[in-house]
1. Could you please find all residues in region A:1-36 being touching a strand residue (DSSP E or B) at 6+ places or on another chain (Cβ under 9 Å), closer than 26 Å to A:SER121 by Cβ and not aliphatic (A, V, I, L, M)?
2. Being away from chain A (no Cβ under 14 Å) and in a loop (DSSP other than H, G, I, E, B) narrows it down to one residue among B:ASP204, B:ASP199, B:ASP166; which is it?
3. Is it true that some residue in region A:47-70 is assigned to a loop (DSSP other than H, G, I, E, B) and small (Gly, Ala, Ser)?
4. When you go through (1) more than 14 Å from every other protein chain (Cβ to nearest Cβ); (2) at pLDDT 95 or above one by one for B:PRO20, which number turns out not to apply?
5. Going by the conditions given, is B:GLU135 within 14 Å of chain A (Cβ to nearest Cβ) and either farther than 17 Å from B:ALA45 by Cα or surrounded by 15 or more Cβ atoms within 10 Å (Cβ to Cβ) (or both)?
6. Quick one: would you say A:LEU18 is in contact with a Lys or Arg (Cβ under 7 Å, 6 or more places away or on another chain) and either at pLDDT below 95 or not β-branched (Val, Ile, Thr) (or both)?
7. Within region A:102-129, track down each residue that is of a type outside the set (A, V, I, L, M), part of a loop (DSSP other than H, G, I, E, B) and more than 14 Å from chain B (Cβ to nearest Cβ).
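The values are calculated or read from the model by the stated rules, or taken from the named source; none is laboratory data. Please read these numbers as outputs of a predicted model, since none were measured by experiment. Note that each Cβ is placed from the backbone with ideal geometry, even for glycine, and that neighbours are counted across all protein chains shown.
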Amino acid sequence: MLSACGNTPMGEGVRLALDLLDERKQEYKDKGVDYYQPWLVLMSDGQPNGNADMLEDSIQRTRDLVENKKLSLFPIGIGASADMDTLARFSPKRPPLRLNGLNFKEFFEWLSKSVSKVSQSRPGDKVELDIDAIKAWGEA
Amino acid sequence: MWHFIHYAVQGRSHVKNNIPCQDKTYVLHKHNVSVIALSDGAGSAKLSHFGAKESVYFISNHFAKYFDDYVDMSKTKEWLLIRIQKALTRKAMKYNCSVSDLACTLLCVAIKGNRFILFHIGDGVIGCLGGNALEVLSAPDNGEFANVTNFITSKNAFKSIRYSIDNVDKISGFVLMSDGTQASLYSKRQGALAPVIRDIIQSDFSVKKLQIGLQNSFENAIKNATSDDCSIAFAMKRKPSGYNARLLTSYFSCIKNEKLLKKMR
């Protein structure tokens, strides 16, 4: 059972997520399973207060992956207290969006449809995300 | 003497979205050169079916004319790619589009005397049967992700060329297949071709009947394993000696039925 206690170890969380993605990709490689570019959704309603060095390492690692086209990142701030500046530091290509209210349902519906589009794409296909549909859950 | 069978079928997603089949195959025997070629047009490149058609036609006729120049290395793979790209540029002018609208992969094997030349850009597989053993001569080039590959028109095209010149004496057949066909006839995990490829190359059926069987199997079985276009081309060194009509229909309609194939051996 999860419980909130005021901590936001963003660096540690992102490191764990990237490590898990690497493990999964290796599993797919070992079994000869094709896979697509992974997506990382980073959501926060506050400011990171974990280990500062870990945060910097995770920011740099994420930026390197995005710039080398190994990862797509979707930074989302929730509520007025979300640290959009730190979210932006993770993401060299896509500015963070703030969730409209608590429109999680609309966000995950959009995310599901978007990922499905990618998983059905073939080499040479240009997958365009539904930008208009983002307005249902996010704002710049 | 080399004999050919080849086929391309429109994928289910292309039928649904009214997109033409972007896979093209071409076979040629000219100036004592035997050539098989296959090309898969890029998904969202609007005229890639024309690019694929031009690519297979151009490379086949080019190797028929200049085979010896490549064997003695007076012409190089880079020169070949430039010629193919120029052919696509001419087509782009004709269709009033950009060259990238004609983006496609390209697989080709050309044979003359006891030598063969292999040329491959992009995904898809080139294999051969040497003795009784199937061998992958050129594996798919997808990079890390399934929906990424290189095309003739890509910036990385020159770096991604797979090219070889070798002796053909111990080889009894070659196969080219697109990534759609890979779903049925290639194991990425094992890096191996399906055993039925060997059965087809070693088959005693006439070329005409093999061609009919190939078309039936692609229309009724292979294309159902994926939503993508599927294509394949074989060059077989053989002396066809007739066919057994009773076995032919079940042979191809059950192309993935290993138990039936074992009974027939």
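1. Within region A:1-36, A:GLY32 is the sole residue that qualifies.
2. Just a single option satisfies the conditions, and that option is B:ASP204.
3. There is at least one residue in region A:47-70 that is assigned to a loop (DSSP other than H, G, I, E, B) and small (Gly, Ala, Ser).
4. (2)
5. no
6. Spelling it out, A:LEU18 is indeed in contact with a Lys or Arg (Cβ under 7 Å, 6 or more places away or on another chain) and either at pLDDT below 95 or not β-branched (Val, Ile, Thr) (or both).
7. Once the filter is applied, which keeps residues that are of a type outside the set (A, V, I, L, M), part of a loop (DSSP other than H, G, I, E, B) and more than 14 Å from chain B (Cβ to nearest Cβ), region A:102-129 yields only A:ASN103.
Listed here are the residues, each with its yes/no results for (1) under 15 Å from A:PRO123 (Cβ atoms); (2) buried (at least 24 other Cβ atoms within 10 Å of the Cβ); (3) at pLDDT below 95.
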site	(1), (2), (3)
B:ARG12	no, no, yes
B:LYS16	no, no, yes
B:LEU38	yes, yes, no
B:ALA45	yes, yes, yes
B:ALA52	yes, yes, no
B:ASN61	no, no, no
